[in-house]
Amino acid sequence: MAGRRAGTPFLLQLSLLLLLHLGGTLGCASVTVGSPIVPLGSAVTASCTIQRDLCRGLEHGKVRISWMLDNKVVAGSQHQGPGGTEVSNLTLPRFNHTQARLWCCVEWNGTKQRVGVAEIRAGYPPAKPLNLSCALNLSDYGLTCQWEQGTDSHLPTSVVLKCTGEPHPLLEGPRAHCSLCCRSKAQAVTGCTPRGGHSHCTVPRRLLQLYRQMEIWVSATNALGTAESEHLCIDPMDVAKLDPPTLQSIQSIPFQTDCIALAWDAAWGTEHMELQCELRYRAPEDPAWALVTGIISRAGSAQHCGFLFGTQYHFQMRCRRSSASALASWSEWSPGRNYTTHEKAPTGKLDAWWHAQPAGTGGRLEVQLRWKAPRQREANGRVLGYRVTLSPRRRGRDPPTICNTTHTQCNFSVPAGTRRIYLSAYNAAGESAPTEVVLLERKGQPLAGLWAVPGDEHSLWVHWEAPLAPVIAYILEWQPVTAEPEHCSTCWQMERDGAATTALIQDGIKPFQRYNISLYPLYEGTVGVPVHTTAYSQQKAPSYAPKLHLKRISKSEAKLGWEPLPVEMQNGFITSYTIFWANSVTDVASATVDPSLSSFVIRGLNPSTLYKVHIMASTAAGGTNGTSLTLVTTVLDDTEIQFLFLTLGLVFVVLMVLLICFQKNERMKEQLWPSVPDPANSSLGKWVPAAVPQEPLQVLAAREPGPAAISTVTVLEGDPGKQPGKEQPALPAAPPALPRPYVRQEGP
């Protein structure tokens, strides 16, 4: 019975669904909406009408109508309509779903049954297509157009490419945006329809009119409206995509040594066209291409000047119809071709710098000469070497060479008093004019100030104050600061502008490396005394902190010391050291120490207490903590320990003095230590009786005490005339008799 009762509601629901299905939803309930497609965020109205007579099972009783938007209950109003119908109206003020189902439900036997549905979609009107462009493929003469889709409308949208073939009578020649210049009277036709949501399609040849203007645009349509792109008025041949030309030969023009002549072949099928071409080229070290425009010729040849000597270039070319509009497509760049221009002798002067000092013996001068390799524009090819002489070349006569090298520095000795030497560079085509190097004394006026700031992590800006005297040029030197001394022979540059007050260093600059920078002003006839500064291009926290060691400790103070960090590990200028210390019960205390110091005294410590101490080394970019040092303060200070030992020493000295005084003073000695006669030296100790009768000595038992009885008392008489305590000289006599006992104990 329980099972039957449990299954009854389910059977009732199933029977109602069958009745509604048999009666038909269209006959029982109807749902209407104001519009099935609305703008996103707009209001939606709906109405549900229930015909009681057609809904089996609902002929009698009250009908309750409710609404559901997908699975969410929404409230509507209900009233009785004509002909015994029940009507419910619903208004959604903001419909924010791109697609949803609106259900009309009736309540029967405590459950909601869906009896009608309407599907609603929301979105936006189509966006305007942008950047329409077309290109004609000469292989099949199909016009391929592409564009950019606008924002998604969230609605089904139809996109087509439309075109017309009859131009406006006033249109002659190429035009750009036809929406401002023409509207064709011919009927627009659909040129092509993109597939699969793509934004490109191809108009077939049968719909094109070559060598005549056509109007082309993209149209996007959905239920909320239509949008069109800008209209293009183009001749399909103007936008023909040509195949790239082929570079045939490149050669230098003998009489114009910085010019070259190029020859190329046009692509197949374009021999009859007037072409407009562009040439681009660059050397391997150039960051960008150099572009040559306006090459219009059918001959397939062109000339161009301004190339460097002895330099390899990479050339490419592209073309299009010369009568094409600005919208015409260029061909792809042709395959590249390399060419190296011919060389000529180096030109220009070399930047040179020297260090000179007297040799030990022989009256000669040791010279270290350094110079910068010429730039490519002045080298005119590959430099093979450099030559240093004591005099310039005259009338074809070569002076003696004191140095011939492929490097950019040379060490040699010259006679004392030499003031000029000559430096030149040479390549396969010849030798440059010599650069005169004057060995001037360094005793001129120094600069008033010099400082450097980072440019980026691989450069430094150097600034200085210009001196009062006129300057010809400046020599700027920089050397990395390392623990092991080293010398960079290329770390210098010449600033030829004597009025300059700034310079940028870029060669060999590394981050986290300290550099010593020196600046020499070059005056007329002398070299100024250099000024110096140090700088980093970029700083960071030190690699590690110094290791602390204990120098001295007392009950309230501790002196700590450390070794300065090696310059390679500093990674920047040390701005401060910070000492931290703490015991088990107090907070951490700290003190900041000047970076020039290498020791610090911690004061105010507690006696006999354990402390943990560590140090932090800091730069402008951060700090690094060191390892911890454990120390224990003493119970007493050094002065207290010294006072204690001094007090004990004084007490000991006083005792020794008193002891010596007692030894020296006989009266005090007699008072404190009276004289006691030695029994061994008495007359009794030396007297021996004549005869001693042998009597047994009876000893009382330990457990049998009793009074001792004296049986015999012998009185000894001293010799007349003998004083006590003084011995008389011994006289010869007969042997003494055996002694007799003078005390005898008897038993009880």
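The table below lists the values:
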read-out	value
Lone qualifier among Q357, Q376 - being surrounded by 14 or more Cβ atoms within 10 Å (Cβ to Cβ), at pLDDT below 95, among the polar types (S, T, N, Q) and not assigned by the TED database to the domain that holds T246	Q376
Scan of segment 85-95 for residues that are of a type outside the set (K, R) and open to solvent by 10 Å² or more (accessible area, probe 1.4 Å), ordered by number	T85, E86, V87, N89, T91, L92, P93
Among residues of segment 424-464, those that are exposed (fewer than 15 other Cβ atoms within 10 Å of the Cβ), among the small types (G, A, S), under 35 Å from the mean Cα position of the chain (by Cα) and over 19 Å from D497 (Cα atoms), counted	1
Residues of segment 504-523 that turn out to be crowded, with 17+ Cβ neighbours inside 10 Å and more than 29 Å from the chain's Cα centre (by Cα), as a count	5
Segment 199-229 - residue that is β-branched (V, I, T) and open to solvent by 50 Å² or more (accessible area, probe 1.4 Å) and, of those, nearest to R321 (Cα to Cα)	T202
From T534, T526, T501, T490, residue being surrounded by fewer than 18 Cβ atoms within 10 Å (Cβ to Cβ) and within 22 Å of Q409 (Cβ to Cβ)	T490
Qualifying residues in segment 311-322 (those that are at pLDDT 90 or above and not hydrophobic (A, V, I, L, M, F, W, C)) - the one farthest from Q276 (Cα to Cα)	T311
Candidate set: segment 130-155, residues that are of a type in the set (S, T, Y), closer than 21 Å to R320 by Cα and in a loop (DSSP other than H, G, I, E, B); chosen: the one modelled with the lowest pLDDT	S139
Of all residues making up segment 472-486, the number that are in a loop (DSSP other than H, G, I, E, B), without any contact (Cβ under 8 Å) to a residue 60 or more places away in the chain and over 20 Å from Q445 (Cα atoms)	3
Which numbered condition P467 misses (of (1) surrounded by 14 or more Cβ atoms within 10 Å (Cβ to Cβ); (2) without any contact (Cβ under 8 Å) to a residue 40 or more places away in the chain)	(2)
Residue check for Q368: open to solvent by 40 Å² or more (accessible area, probe 1.4 Å), at pLDDT 90 or above and not aromatic (F, W, Y)	yes
Selected residue (criterion: surrounded by the fewest Cβ atoms within 10 Å (Cβ to Cβ)) from residues of segment 249-278 that are hydroxyl-bearing (S, T, Y) and at pLDDT 85 or above	S249
Y339 vs. criteria of a type in the set (F, W, Y), touching a residue at least 24 places away in the same chain (Cβ under 8 Å) and open to solvent by 30 Å² or more (accessible area, probe 1.4 Å)	yes
Qualifying positions in segment 99-111 - over 60 Å from the mean Cα position of the chain (by Cα), of a type outside the set (A, V, I, L, M) and buried (at least 16 other Cβ atoms within 10 Å of the Cβ)	C104, C105, W108
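The rows are residues; the columns are (1) modelled with pLDDT of 80 or more; (2) surrounded by 11 or more Cβ atoms within 10 Å (Cβ to Cβ).
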position: R5; (1), (2): no, no
position: G24; (1), (2): no, yes
position: C28; (1), (2): no, yes
position: V33; (1), (2): yes, yes
position: T45; (1), (2): yes, yes
position: R52; (1), (2): no, yes
position: V63; (1), (2): yes, yes
position: L69; (1), (2): yes, yes
position: V74; (1), (2): yes, yes
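Quick grid of which residues meet (1) in a strand (DSSP E or B); (2) open to solvent by less than 40 Å² (accessible area, probe 1.4 Å); (3) closer than 26 Å to P236 by Cα:
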{"position": "G83", "(1), (2), (3)": "no, no, no"}
{"position": "H97", "(1), (2), (3)": "no, no, no"}
{"position": "A118", "(1), (2), (3)": "yes, yes, no"}
{"position": "P125", "(1), (2), (3)": "no, no, no"}
{"position": "K128", "(1), (2), (3)": "no, no, yes"}
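The values are calculated or read from the model by the stated rules, or taken from the named source; none is laboratory data. Every value quoted in this text rests on a predicted model; they were computed, and no experiment measured them. Counting neighbours? That spans all protein chains shown, and the Cβs are built from the backbone with ideal geometry, glycine included. For the accessible areas, the whole protein counts, side chains as well, though only heavy atoms, and no ligand, DNA or RNA atoms are used. Shrake-Rupley method; radii C 1.70, N 1.55, O 1.52, S 1.80 Å.
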